[in-house]
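Written out below as structure tokens is the structure these notes cover.
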Amino acid sequence: MIIPVFAIKNTFRAGIKSWLNAFVLSLSIVSIIWLQGLYKGMYDQGTRAMIDAELGGGQYWVEGYDPYDPFSIEDSHGKITHVLSEMIKEKSAACILIARGMLYKQGRMYSILIKGIDPEQEILSIPSGILKEKNNGIIPALIGTRMAKNSGLKKGDIFTVQWKDSKGVFDAMNFQVSEVMKTTVQNIDNNQIWISLNTMQKIFNMHSEATIVTIKKDIKPVNAGLNWEFKNLDFLLQDMKTLVQAKTAGASILYIILIFLAMIAVFDTQTLSIFKRKKEISTLIAMGMTKNKVIALFTLEGMAYDILAVIIAAIYGVPLLIFTAVKGWKMPAGTDTYGFALGDVLYPVYSLNLVFWTLLFVFILTAIVSYVPSRKIAKIEPAKILRGSTF
Amino acid sequence: MKMYSFTVAVAALFLLNQQQDAQNIIKKVEKNRYSDNKYVVSTMIIHGRRAVRKIKAKSWIKGEEKSFTEYISPARERGTKMLKIKDNLWMYSPSSDRIIRISGNMLRQSLMGSDLTYEDMMEDPVISSHYSSVILGDTIITNRKCWKIKLKARTEDVSYKKRIILVDKERFVILQDERYAKSGTLLRKVSVKKMEFIQGKWIATHIIFKDMLKRGKGTEFIINEIKYNVKIPSYRFSKSSLKR
């Protein structure tokens, strides 16, 4: 017990040198926790938004549907089976029909996705209620803010869309922007327009057909028939997970730099300390302390910086981290193009798990870095030192 | 009642006669247009928003199903080749040195920024097999006397449900072709500005394609040279010829 007490006393006795070391270490700890929390928040926020607006509790995909294959979209539609139909009637599922079209605005044409959704659906947070037909010959359409920005469309604008129906016949009609929705989920916004499912089935000659059937959260999927395959959230969120993992891996370079700087400071302090205190070490050994105990003492002194760093980090870090968690982090312009379903403000999420593992990681590293220079103590010959010669 | 039945019968006979006449006209148009093998040198003039681009190409055409086009100018497009065999279209770009198959929605994209789409290149031009026709009346366009004929798709899988064409009464050349969407919206308009008598056939040598939903003057298509019944080696219509 005497060694830890001795170690703490020695650390405090070192004065400003110890506090500086601890402060540098605390900066690393707070930065790592903050960055990790930021990525965790990014994932949580993104997945939550995607589940609410796009994925629900999972999706049934019609055979052959691949959102990343623009060539297969045209053939990706099929009859809604009895099982799915019952789920839709019970409001446990919502179906979406997807097809391609060309949007003409101010004489320019844009390739777009046309998506049909039931205006009465309650599964997704898309304001589909405004898509009810008004019998004026113009089809109400819903677009997102990104689509509005790219195409120059705004609420009330009338535009023409041309498409080929399921039989390959050209058709074109006027659509009117009923609403511009603000959403963080780009998959329901970029280059696409939403119209009523019934209208879409009628104009595309795809009666009782759909491409995707999204089920309500916490509903157990059932076998929906041969042409329909269920995709769970693990599968649907895989891309998001991979993206966050890639971003986190990229940020680890920053962690390494921060930790490296802190560890250099600890290592230097330890080396200098052993050099300056060689008489003290020799005296301790001469008085009967074993070399291993002296090594343990110096290692613990190094680790004491870590304890000090945690205390300092708690003093300024906890309020800072709480502040960012509550107020969020305003995302810089251009983040919208990253491919994440993020809002304007990102709220970091700090879990106890995250704090514990970060502290443990830094603690172990400090212990190693403190121990390595302390091994030199084993080579000390106390008699020579006390006589005045160096080791 | 008798008078009513008589009127209906006369009207039906008149309509049948009109349809037969229209079908005969269409057959003559197709006979005039059809050739086994063709070699064409053409210039496409694209009127863009800011500039006008001229693209020159050589094409070898076999019947209605096979064609091979090589772009020869400007420098940016030189070496680009396109091969059409039945419903398939491949494109070779020298800059990427790759052959890509144009399919799905890509077919509806603009062909080199023109008013034509890749799909327009793919279209089966045999009118008589896909459309029923009826003469709507007579008209004059570019000082030529024409029949105004309405074409209605016979089957459900034809790209344009309705077309209205103006056919030159003497030369049996389509001088104007209006193509409509299922909803009745006019989508494309093809107008002939010049005809020439070449190797015993009257042929449109200056055509304007206009996507009616787009702004602009449309795309001009000028035939600089045309040779009928030329010998085309079979390798010309193979994918390997795209990279040669």
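A short reminder: the numbers here are calculations on the coordinates, not readings from a lab. Note that this is a predicted model, so its numbers are computed, not measured. Note: ideal-geometry Cβ built from the backbone for every residue, glycine included; neighbour counts use all protein chains shown.
A protection proxy built from the mean count of other Cβ atoms within 10 Å ranks the segments B:218-225, B:138-145, A:188-195, most packed first, as A:188-195, B:218-225, B:138-145. Annotation: lysines with alpha-carbon distance below 23 angstrom to A:LYS376 (same-chain offsets under eight excluded): A:LYS9, A:LYS17, A:LYS276, A:LYS278, A:LYS279, A:LYS291, A:LYS293, A:LYS384. Computed from Cα atoms, the angle from the helix A:318-327 axis to the main principal axis of chain A rounds to 10 degrees.
Among DSSP beta bridges whose residues both lie in the stretch A:58-231, state the antiparallel percentage, nearest 5.
Once the DSSP bridges in the stretch A:58-231 are tallied, antiparallel ones form about 75 percent.
Using R0 = 41 Å, the C-beta based FRET efficiency linking A:ILE256 and B:ARG98 works out to 0.50. Springs between alpha-carbon atoms under 10 Å, Gaussian network over chain B: tell me which of B:PHE209, B:PHE172, B:PHE197 tops the mean-square fluctuations. Sorting by GNM fluctuation, first place goes to B:PHE197. Once the C-beta distance of A:TRP19 and A:THR271 is scaled by a Förster radius of 25 Å, the resulting FRET efficiency is 0.85 to the nearest 0.05. Highest-first packing order for the peptide set A:303-309, A:85-91, B:113-119 is A:303-309, B:113-119, A:85-91, based on the mean count of other beta carbon atoms within 10 Å. Modelled this way, with points 7 Å down the Cα-to-C-beta line, the labels at B:ALA51 and B:ILE141 are 3.3 nm from one another. When each of A:GLU280, B:GLU70 is scored by the number of other beta-carbon atoms lying within 10 Å, the sequence from fewest to most is A:GLU280, B:GLU70. Taking the DSSP bridge list for the protein assembly as shown and keeping only pairs wholly inside it, about 90 percent are antiparallel. Suppose the Debye formula is applied to equal point scatterers at every Cα of the protein assembly as shown; what is log10 I(q)/I(0) at q = 0.06, 0.10 Å⁻¹? Once normalised to I(0) and log-transformed, intensities are -0.55, -1.01. For chain B, the longest principal axis of the Cα atoms and the long axis of helix B:2-33 meet at an angle of about 20 degrees.
Net charge of the neighbourhood of A:GLU179, taken over other residues with C-beta under 14 Å away and scored Lys/Arg +1, Asp/Glu -1, is +3. Take the Cα of A:ASN187, step 7 Å toward its Cβ, do the same at A:GLU86, and the gap between the two points is 2.8 nm.
Tally Lys and Arg at +1 and Asp and Glu at -1 over the other residues with C-beta under 14 Å from the C-beta of A:THR81: what net charge comes out? The answer is -2. Within the listed set B:LYS148, B:LYS169, B:LYS231, the Gaussian network model of chain B (springs between alpha-carbon atoms below 10 Å) gives the highest mean-square fluctuation for B:LYS231. The local environment of A:MET42, defined by Cβ-Cβ distances under 12 Å, has a net charge of +3 under the rule Lys, Arg +1 and Asp, Glu -1.
Centroid-to-centroid, using Cα positions, the stretch B:48-75 and the stretch A:166-207 are 34 Å apart.
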